[in-house]
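Here the structure comes first, spelled out in C-alpha cells, and everything after it is commentary.
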Amino acid sequence: MSMGLEDLYREVIMDHYRSPHHRGRVDGATGDVEMLNPTCGDEVRVSFRVEGGRIADVAFDGRGCSISMASASMMTDAVVGKTVEEARGLIAAFRELMQGGAPSEELGDLVALQGVAKFPVRIKCATLPWTTLEKGLTGDMDGEGRPRMG
Amino acid sequence: MDIAKIRADFPLLAERVNGHPVVYLDNAATTQKPRSVLAAVDGYYEHTNANVHRAIHTLGERATAAYEASRARVARFIHAPSAESVVFVRNASEALNLVAYAWGSRLKAGDEIVLTPMEHHSNLVPWQLLSKRSGAVLRFIPLRDDGTLDMERAPIGVRTKVVSVTHASNVLGTLTPAAELARRAHAVGAVFVLDAAQSVPHMPVDVRALDCDFLAFSGHKVYGPMGIGVLYGRRALLEEMDPFLGGGEMILEVHLDRATWNDVPWKFEAGTPDVGGAVGLAAALDYLDGLGIEAVAAHERELTEAALNMLDEIPGVTVYGPRGERGALVSFTVEGIHPHDLSQVLDQEGVAVRAGHHCCQPLMRQLGVVATARASFACYNTLEEVEALGAAVRKAQGFFSSVPR
Ligand SMILES: Cc1ncc(COP(=O)(O)O)c(C=O)c1O
C-alpha cells in the first residue's frame, strides 16, 4: 500500500521546519551534545540548562531534513519546563510512537509525527534529536557540560 | 541499441513502486540484473554446485572449472595479461582493503599515500588504517572548483609510495586522468591503484593501457550479483605480497607453527569462495559485451547530457561536477528541499534516486552541503525516465511550496 506524502509532511511539521522554535544555543548550558546520522549526514546539536531538576531552557541547531529539524523543534517545545524525569518519559513515549505504538497523551502536538512510523527509513531522522537530548541528560559530560566524546 | 529489448531482459524493471512503474536511477549504488545472470547463478546451483579446488569428484571438477573460467572471463574483460592476476573478493571495498593491508604492510613512517578528496570511504578509510599502523602520511591531490583534479598541485614526490584514486567519482561524475596518474606514480617508484567501481560498468577499461598496478571493482555495479568483486593486481606485486586472510585454500603446506602460501591468486582467497557469484559476474560481463560497452557508454552519455540540460532549466537546482566528459550520473540539490525530502517525494512518483553523502563525507564538506541527490544511469534507462525525474523534481518543488503555512 502506498502512503500519501500528506501522512508524512503534516502542516505542523512543515511549520516547524520553516520556522523552527528554540533554534540556537542555550546560555550556561549544563548539557550540550551533537550527534550525526551516519547514513545521511544529518547533524543535530542540542543544548540545555537544567535547574533544580527541571529543563529551564533548551535549544537545538543543526542541518538536516524537514523531519529531523521539525522533530527537534517540536521536541524543544515539548520538554522545556519539564523535569528531567518527565523528559525521559517523553523520550520513551516518542520512541514508542516511532515504532508504530499508539500515541500517549503526554505527546500532544508531537502526534503529528506519527506518520513517520510508516516510512521506516525516515524514523532515524525523527528520533535523532531525541537520542541527542537523551545522551545529554544521561550526563555523558566532562563536568563542564561538554560531551566526553563525539 | 534497442532499449525496449534491453529492458525486457531485466525482470525487476517491470516492478511498480507506489503505483508507478519503477524509474530506477540508483545504478551507481547497484544495477539491476539481466535474466541471463539470474539464470547463470541458478544454473550453477542446479547443475554444478560443489566446493572448488578440493574435490576429486566430477561435480567438484565442474565447479572448479566454472569458477576458473569466470576468472578468465573477468581477465579478458579488463584486458588483464593473465587470469592469475585476477583475485576474487566480495566487492571493491574488500579489494581496496586487501591492497592497503597486504601490499601496504611494507610502508613505514614518513612514506606518503596520495589520494583525492573525492574518494569513496572505501578508498579512504583502508588507507587511514594503514597510516595509523605504519606512520605513513596521507596526502591529497586538490580538487578544483569544477570538480576536476588539480594535477599541477598533485603532491606526488619522492616519498610517495602509493597513489590510489577513483577512476570515476560516484558523486561528481569526474573522470580522473588515470594514465597520467599512473605515469606520475611510476616516475617516483610508487604503485598506482585505481578504484574502478564506477568506471568498469560504463566505459572500456584496459588495465594495460591504463598501466595500473591494482584495480578494484564490484560485480553488483556491473549487472552481476552482490557478493562478488574483483581485485586485479600486477602479477609480480601479487607474488611478493603477504596474504590478506588466512585459512583454507590459500595455503600450500601447513604445520602447527607455520604455513606456506598457495600460488597467486589463490593465496588471497581464503575459504570457500562465492562460486555462484563469480559465474553470475562472468554472465554479466558476457551480457555487457553483447551490448558493446562503447554503445552503452554512448547511450548513457546521451542520458547524462539530457539530465544535465533538464536540471539546468529548473530554477533552484544546483548541479555538481564537471561538464563535458563525465561519468553516467548527476548529483544535485534543490533549494529549500533537503535531499532526503526530495528523494521521498520522488519515491512517491516511483523514481528511485539516492540521497545522502554517498560515502563521501569529506567531499560533502568541501562542497558545503550535508547531502546531495544523485541520479545515476545504466544501459536500460530511457530519455522518458530522465523526463520523469524532471517532472518529479518539479512536483517536489510544488509540494514543498504549497504545503500550507
Ligand atoms: C567509487 C566507489 N568506490 C567504491 C565503492 C564501494 O563499493 P562496494 O560497496 O561494492 O564495496 C563504491 C560504491 O558505492 C564506489 O562508488
Please name all residue pairs, on different chains or six or more residues apart, with Cβ atoms under 7 Å, provided the first residue is in segment B:28-50 and is closer than 21 Å to B:ALA378 by Cα and within 16 Å of the ligand (Cβ to nearest atom) and the second residue is polar (S, T, N, Q) and part of a loop (DSSP other than H, G, I, E, B). B:ALA28/B:ASN170; B:ALA28/B:GLN198
Name every residue in segment B:3-21 that is surrounded by 13 or more Cβ atoms within 10 Å (Cβ to Cβ) and part of a strand (DSSP E or B), in order of residue number. B:VAL17, B:HIS20, B:PRO21
Please work out which one of (1) within 26 Å of B:VAL22 (Cβ to Cβ); (2) within 13 Å of chain A (Cβ to nearest Cβ); (3) surrounded by 24 or more Cβ atoms within 10 Å (Cβ to Cβ); (4) out of contact with any Cys (no Cβ under 9 Å at 6 or more places or on another chain) is the condition B:CYS359 fails and give its number. (3)
Among (1) more than 24 Å from B:GLU335 (Cα to Cα); (2) among the small types (Gly, Ala, Ser); (3) buried (at least 21 other Cβ atoms within 10 Å of the Cβ), where does A:ALA92 come up short? (3)
Those residues of segment B:151-189 which are surrounded by fewer than 24 Cβ atoms within 10 Å (Cβ to Cβ), in contact (Cβ under 8 Å) with a residue 60 or more places away in the chain and of a type in the set (A, V, I, L, M) amount to B:LEU175
Could you pull out every one of the strands (runs of 3 or more DSSP E) wholly within segment B:242-350 that has 3 or more residues that are at pLDDT below 95? B:251-254, B:259-261
Considering only residues that are of a type in the set (Ser, Thr, Tyr) and more than 16 Å from the ligand (Cβ to nearest atom), which ones fall in segment B:64-98? B:THR64, B:TYR67, B:SER70, B:SER82, B:SER85
Cβ-Cβ below 8 Å, separation at least six or inter-chain, first residue in segment B:332-353 and more than 8 Å from every other protein chain (Cβ to nearest Cβ), second in a strand (DSSP E or B) and among the aromatic types (Phe, Trp, Tyr): which pairs? B:PHE332/B:TYR320; B:THR333/B:TYR320; B:ALA352/B:TYR24
Of the conditions (1) without any contact (Cβ under 8 Å) to a residue 40 or more places away in the chain; (2) surrounded by fewer than 16 Cβ atoms within 10 Å (Cβ to Cβ), the single one that B:GLU325 does not satisfy is (1)
Tell me yes or no: at least one residue of segment B:28-50 is over 19 Å from B:ALA282 (Cα atoms) and either more than 14 Å from chain A (Cβ to nearest Cβ) or not in a helix (DSSP H, G or I) (or both). yes
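Yes or no, residue by residue, for (1) more than 28 Å from B:VAL334 (Cβ to Cβ); (2) touching a residue at least 60 places away in the same chain (Cβ under 8 Å):
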site: A:GLU43; (1), (2): no, no
site: A:VAL46; (1), (2): no, yes
site: A:ASP57; (1), (2): yes, no
site: A:PHE60; (1), (2): no, yes
site: A:SER68; (1), (2): no, yes
site: A:MET74; (1), (2): no, yes
site: A:LYS82; (1), (2): yes, no
site: A:GLU86; (1), (2): yes, no
site: A:MET98; (1), (2): no, no
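The values are calculated or read from the model by the stated rules, or taken from the named source; none is laboratory data. It should be emphasised that the depicted structure is a prediction, and the values quoted were computed from it without experimental measurement. With ideal geometry, Cβ positions are generated from the backbone for all residues, glycine too; neighbour counts draw on all protein chains shown.
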